[in-house]
Amino acid sequence: MVRGKTQMKRIENATSRQVTFSKRRNGLLKKAFELSVLCDAEVALVVFSPRGKLYEFASASSLQKTIDRYKAYTKDNVNNKTVQQDIQQVKADAVSLAKKLEALEDSKRKILGENLGGCSAEELHSLEVKLEKSLHNVRGKKTQLLEQQIAKLKEKERTLLKDNEDLREKHRNLQAPLAFAALDRMAPPPRGVPESSSKDMDVETELYIGLPGRDRSSNRDSG
């Protein structure tokens, strides 16, 4: 008698579902034990029943030992995989960078007029346009710098002219009192006063010794 093929779907009857679980659980645990013994393999099995009851099997001394070994293996494997991916990415980046550098070197040589033998007419035209654009930018920058220098020189000129004017004003202010004093010395005496009388107005400072009331001339004679 041929057994019918069981359909792989959830068993709706609760009693039948529980009976099937018990039978297959025991068979699964038996298969795990046989695999560990026959093949010298480290086997760990964890099963939860529909009601949440735990069933486990471990060929090692404990289930936790096998779980720790699994965690260590997966961690190392993930790290190794990440390192390998990083290495491959670095290699790809290096190759891409080398190609870009080579392209830049080739463009530089063409700008300098080297290695033009293999260029087509379109490439030469494109190179000519780039050179004209670069030359235009250089001239524009040069003009800008010259305008800035001219503006600075003009500003410096205005500052120097102002400083010079300030110095002239200070010089005039210092010379004015000296000029007025010289004019006072050169002015003529007041009207009606002889020029010689102004000289006679000098104070005599000769020392005179004698009794009060006596004439200075008589005192000279007696002396």
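Any chance region 69-78 includes a residue that's out of contact with any Leu (no Cβ under 7 Å at 6 or more places or on another chain) and not in a helix (DSSP H, G or I)? No, because not a single residue in region 69-78 is out of contact with any Leu (no Cβ under 7 Å at 6 or more places or on another chain) and not in a helix (DSSP H, G or I).
Could you go through region 78-93 and let me know if any residue there is surrounded by 10 or more Cβ atoms within 10 Å (Cβ to Cβ), modelled with pLDDT of 85 or more and within 30 Å of residue 126 (Cβ to Cβ). Within region 78-93, one or more residues are surrounded by 10 or more Cβ atoms within 10 Å (Cβ to Cβ), modelled with pLDDT of 85 or more and within 30 Å of residue 126 (Cβ to Cβ). Screening residue 208 with (1) hydroxyl-bearing (Ser, Thr, Tyr); (2) at pLDDT 55 or above; (3) touching a helix residue (DSSP H, G or I) at 6+ places or on another chain (Cβ under 7 Å) gives one miss only, at (2).
The values are calculated or read from the model by the stated rules, or taken from the named source; none is laboratory data. From a predicted model like this one, the values you see are computed outputs, not experimental measurements. Every residue, glycine among them, receives a Cβ derived from its backbone with ideal geometry; neighbour counts consider all protein chains shown.
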